[in-house]
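What follows is a set of notes on a single structure, which appears directly below.
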Amino acid sequence: MHLDLCIYVPAANLIAIVILSRRRCGLSSCITRYLLSMAATDLLMVVIAVILHRIRSIYFPVSFLTTTPGCSASAALNYAARDSSVWLTVAFTFDRCVAICCQKLKVKYCTEKTAAVVIATVCSLSFMKHIPTYFIYEPVYVIDNVPWFCSIKLSFYTSPGWAAFDWMDCILTPCVPFILILLLNTLTIRHVLVANKARKRLQPNCNGANQRDPEMENRKKSMILLLSMSGSFVALWMAYVINMFYVRFTKGSYFEASNITDPRFILQESGYMLQLFSCCTNTCIYAATQSKFRKELNNAVKYPFKLICKIWK
C-alpha cells in the first residue's frame, strides 16, 4: 500500500499541477493559483510523510533521517505542509464565498495578486507555527554521541507549555478550518439558491423552454468544485479528529509502536491513512467535476501514444 502511495499519489498531483499550469481548464487565474498551491502542498506532504518517512523506514531503516535531528525536522516539515494544505483549502473556500456572495468585494479580492499574497502568507505562517515541533522529540538511543530515532518527550504530556502548544495546534488545525469551511459553504449554498430563484423569476421562458443562463452555469460549476473539495476534506479528516480529541480528553498518549489488536491503534493509523489519502483526492475531484480538466487529462494520457505513432510513421 505504501509503495502504491509512493508511485500513484505523487504522479496524480504532478499531473494536476501540469494540467492546471497550462491554464486551459476554463478556470479563472485566481482559482487556478489556489488549486496549483493546494496540489503543490499536497505533493510536498506526500513526499515527506510517505516517501521520506514510511517508505524510507521500510527500505532504508538507517540513514540521516533516522537520526533524531533528521526525523524531528521531517516531522516538523510534515506538520507544516499539512497545515498549509488545510488552510489553503479554507482560503480557497473563502475566495469562492466572496466571489459568489459579495459582488462588490469580488472585484478587489478575487484577483491573482491577492491569491498570491494569501498563499504566501498561509504557507509562511504554517512553517513558522511548527518550529517548536522540532523540539518535541528526544532520542531513543545515543550511540557514539549520535542520537538515533525519535520519541515524544514525556514532558510533552505533562508540561503546561507543551499542553498549550498542543491545544493551539488542535484548535488551529483542524477545528477552526472545519467550522469555517462548514460556515462558508452554508453561506455560499444559501446565496446561490436564493440568487437562482430570483434569476429564474426575472428571466422569461422562450416557447416554454428554459433559456441557457451562463451565469447560473458558472455558479453551479464553482459550487460543485467547492463542495466536492470541502466535503472530501471534512470526511477524510474525521477519523484523525476523533482520535485527537480522544487522546486529549482521556489524557492518553499516541501510539509509537504497532499494536494491531488495539482498536485505538487501528483508529489512529486509519486517521493517518485517510489524512494522507486526502492529498490525492483533488485530481479525482477535478476530473469528476470539471469537463475541461477531463479533456486535458485525456489529452495528456493520449499524448505519449500519439508521439510513438509519429515516430513509427
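The numbers here are math on the coordinates, done by the rules we state, and not lab data. For clarity, every value in this text was computed on a predicted model and none was experimentally measured. Virtual Cβ from ideal backbone geometry, glycine too; neighbours counted across all protein chains shown.
One quarter of the surface of the convex hull around the alpha-carbon atoms of region 1-91 equals 6.4 nm², the direction-averaged projected area. As a length-normalised measure over Cα pairs under 8 Å and 6 or more apart, the relative contact order of the chain settles at 21 percent.
What shape does region 41-108 have by the C-alpha gyration tensor, where a ≥ b ≥ c are the square roots of the eigenvalues, rounded means a/c under 1.5, and otherwise prolate means a/b greater than b/c and oblate the rest?
Details: a/c = 6.39, a/b = 3.78, b/c = 1.69.
Prolate is the answer for region 41-108, as a/c is 1.5 or above and a/b outweighs b/c.
Within the listed set Pro69, Pro132, Pro263, the residue fluctuating most in the Gaussian network model of the chain (springs between alpha-carbon atoms under 10 angstrom) is Pro263.
Calculated on the Cα set of the chain, radius of gyration then Dmax: 22.7, 87 Å.
Taking a straight line from the alpha carbon of Lys310, these lysines sit under 25 Å away, with near neighbours fewer than eight places off in the same chain left out: Lys295, Lys302.
Determine the equivalent ellipsoid of region 24-76 by diagonalising the alpha-carbon gyration tensor, then write out the semi-axes as square roots of 5 times the eigenvalues, largest first, rounded to whole Å.
Details: eigenvalues 224, 25, 5 Å².
Semi-axes from the Cα gyration tensor: 33, 11, 5 Å.
Are any of the pairs Lys104/Lys292; Lys197/Lys220; Lys153/Lys251 more than 18 Å apart by Cα-Cα distance, and if so, which?
Numbers: Lys104/Lys292 29 Å; Lys197/Lys220 13 Å; Lys153/Lys251 15 Å.
Long pairs (Cα-Cα over 18 Å): Lys104/Lys292.
Structural descriptor for region 24-154: relative contact order 33 percent, calculated from alpha carbon pairs under 8 angstrom and at least 6 residues apart.
Estimate the FRET efficiency between Phe127 and Met273 by the formula 1/(1 + (r/R0)^6), using the beta-carbon distance for r and 25 Å for R0, to the nearest 0.05. Could the numbers behind the result be given before it?
On the way: r = 24 Å, r/R0 = 0.98.
Computed FRET efficiency for Phe127 and Met273: 0.55.
Estimated purely from DSSP H runs of n ≥ 4, each contributing -39500 (n - 2.57), the mean residue ellipticity at 222 nm for the chain is -24000 deg cm²/dmol once divided by its residues.
Taking amide H atoms as placed 1.01 Å from N in the peptide plane, the amide H of His130 has no partner under 5 Å among residues 5 or more positions away or on other chains. Using R0 = 45 Å, the C-beta based FRET efficiency linking Lys200 and Ala163 works out to 0.25.
Using mean Cβ contacts within 10 Å as the protection proxy, how do 78-91, 45-58 order, highest first?
Values: 78-91: 24.0, 45-58: 18.7.
Answer by packing, highest mean first, reads 78-91, 45-58.
Who wins for biggest fluctuation among Ile17, Ile143, Ile31 in a Gaussian network model of the chain, springs between alpha carbons below 10 Å? Judging by the Gaussian network model, the answer is Ile143. Here the simple spin-label model places points 7 Å from the Cα toward Cβ, and for Tyr109 and Ile260 these points are separated by 4.9 nm. Here the contact order of region 4-92, divided by its residue count and restricted to Cα pairs under 8 Å and six or more residues apart, works out to 35 percent. Residues whose amide H lies under 5 Å from that of Ser151, counting only those 5 or more places away or on a different chain, are Glu138, Val140; hydrogens are built 1.01 Å from N in the peptide plane.
Which helices, taking whole DSSP H runs in the chain, have alpha carbons extending 30 angstrom or more along the helix axis plus mean Kyte-Doolittle at least -1.0?
Numbers: long enough: 68-101 (49 Å, 0.63); 176-202 (39 Å, 0.91); 214-249 (50 Å, 0.52); 291-312 (32 Å, -0.38).
Span-like helices here: 68-101, 176-202, 214-249, 291-312.
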